[in-house]
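Before any comments, here is the structure.
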Amino acid sequence: MTHADGDADMPTFSKSAPHPKERRLILAAAEDPDFDGTIEAYEGRGGYGELKKAFGMKPEDICKEVLDSGLRGRGGAGFPAGMKWKFLDRRSGKPIYLICNADESEPGTFKDRQIIHKDPHQLIEGMMITAFAIQAKQAFIYIREEMPHGARILEEAIEAARARGYVGDNILGGDYSCDLVVHRGAAAYICGEETGLIESLEGKRAYPRIKPPYFPAALGLYMCPTIVNNVETLCNVKHIIAMGGEAFAKIGTPGNTGTRIWCLSGHVQKPGYYEVECGKVTYGELIHDLGGGLLPGRKLQALIPGGSSAKVLRAGERFTGKLRSGEAFDWGIDDIPLDFDSPMAAGSMSGSGAVIVVDDSVSIVEVLANINAFYAHESCGQCTPCREGSLWMKKITGRMVSGGARKEDAALLASIGDQIAGRTICAHGEACAWPTQSFVAKFRDEFEAAAQRNPDEWKNREFRLV
Ligand SMILES: Cc1cc2nc3c(=O)[nH]c(=O)nc-3n(C[C@H](O)[C@H](O)[C@H](O)COP(=O)(O)O)c2cc1C
Ligand code: SF4
């Protein structure tokens, strides 16, 4: 496998039969062994029927269905898609752009590439419905550089859709035209941040823009109103048109509607991606039932519930409080519902939907050292707290795992994290600070011990930073 073909023979973890606790909406065709992802197979399952239906509707009515559906963004922040579309500055008279964020850069996340590889037309159909709904002049799929095979699949699929009149000039023979192009990314985590992505798409270095004023819905691509949505978010639009916003809102739980694809990795028997109804399955069920449980003889040490930037949860912790609905909760890790609001109520987040299981076979200090090495490498360098702080955190956890740490290092590490979060241009500041803040707070004993360890003790330990 060469770098240029990095995703060509990627493991797919595909499963033909869904687990009884799964509900496949987005993955229904993709995981069907008889489905090959071609336009013929897609049309054979009724594909592009929702595009035809949507083109018979008024654009504002499509936007209303998406608003009513309660669909929340699947890229990280969980912001309601219909609300974001409402924020588009239509009074400026400038062209509107649509961008699909297929950068999929958060460590632990591998769902978007599966959709792209196995069911590219679902994404194209979702995008063209969205483009029509927001009256976009041009649409883009920004895909990360390391996924050249996915980019080729999309390019071929777009050509097939164009030949059928689903993309390009006079779509379905009507007045509306919108082209869709694939743009290969710049191979950096920060290209997934929406304003960094926009800068990159404009041909520049992916320096995130400050918000306000540069909210993409007002000042996005070429300073024009722009919608950036994640792959999975845009695929959902097709299903909302199929069943209507109200029916979609009945899937999942109030405020956490639809299904969600969770990427399960780390120390579990059956790592993979699993699509379940939001809020109807817990983290415990994902790990122990769908994921087959922990590895033999091992105990859970920690859980990262939503991608490497999410705050860590320590095994044995209890989470208590009140939900937005006013309902009181008292959960252990296993009881937390898999949705948007519950991990947040437990002090973390669902983020990009990447669930990383850490058992007792590894040093928790090494886990953070790896995470810190990643974030230090990926800081774009514009803001001093993020640029310097991420490097200092990497340096301190580095010396903790390789000997030579200082007694005050645990406290120093925590204080650096505290001085980054909330003081930067983009959320990479939080993304790099939250792991350190939460790991040190929850595993203070381990970090204190690492800081005081005799340097010779870990000198010859095998440890490889990412
Ligand atoms: C550092 C950083 C990296 C991000 N990477 C991604 C990514 O790879 N894919 C993604 O969809 N969103 C990513 N996001 C979130 C995007 O900025 C944006 O919120 C998202 O694409 C919006 O789509 P959604 O509303 O459909 O979730 C990232 C955010 C940050 C701060
Ligand atoms: S927070 Fe970090 S990644 Fe974001 S703009 Fe500042 S330096 Fe760049």
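Please work out whether the range 364-452 counts as rounded, prolate or oblate from its C-alpha gyration tensor, where a ≥ b ≥ c are the square roots of the eigenvalues and a/c under 1.5 means rounded, while otherwise a/b larger than b/c means prolate and anything else oblate? Can you show the working numbers first?
Values: a/c = 2.01, a/b = 1.72, b/c = 1.17.
Prolate shape, in that a/c is at least 1.5 and a/b is the bigger ratio.
What shape does the chain take by its C-alpha gyration tensor, where a ≥ b ≥ c are the square roots of the eigenvalues and a/c under 1.5 counts as rounded, a/b above b/c as prolate, and the rest as oblate? Don't skip to the answer; put the middle values down first.
Details: a/c = 1.81, a/b = 1.55, b/c = 1.17.
The shape class here is prolate.
If you count the DSSP beta bridges with both ends in the chain, what percent of them are antiparallel, to the nearest 5?
Values: 22 of 43 bridges.
The answer is about 50 percent antiparallel.
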List the relative contact order of the range 169-251 as a percent without decimals, with contacts defined as Cα pairs under 8 Å and 6+ residues apart. 14 percent
Order of Ser415, Ser308, Ser325 - criterion: other Cβ atoms within 10 Å of each residue's Cβ, fewest first: Ser325, Ser415, Ser308
By its C-alpha gyration tensor, with a ≥ b ≥ c as the square roots of the eigenvalues, how is the range 207-290 shaped: rounded for a/c under 1.5, else prolate for a/b larger than b/c, else oblate? oblate
When each of Lys238/Lys280; Lys53/Lys137; Lys52/Lys204 is checked by Cα-Cα distance, pairs over 26 Å: Lys52/Lys204
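Read-outs: derived from the displayed coordinates by stated rules, not from any lab. Just so it is clear, the model here is predicted, and its values are computed rather than measured. Here the Cβ is made from the backbone with ideal geometry for all residues, glycine too, and neighbour counts use every protein chain on show.
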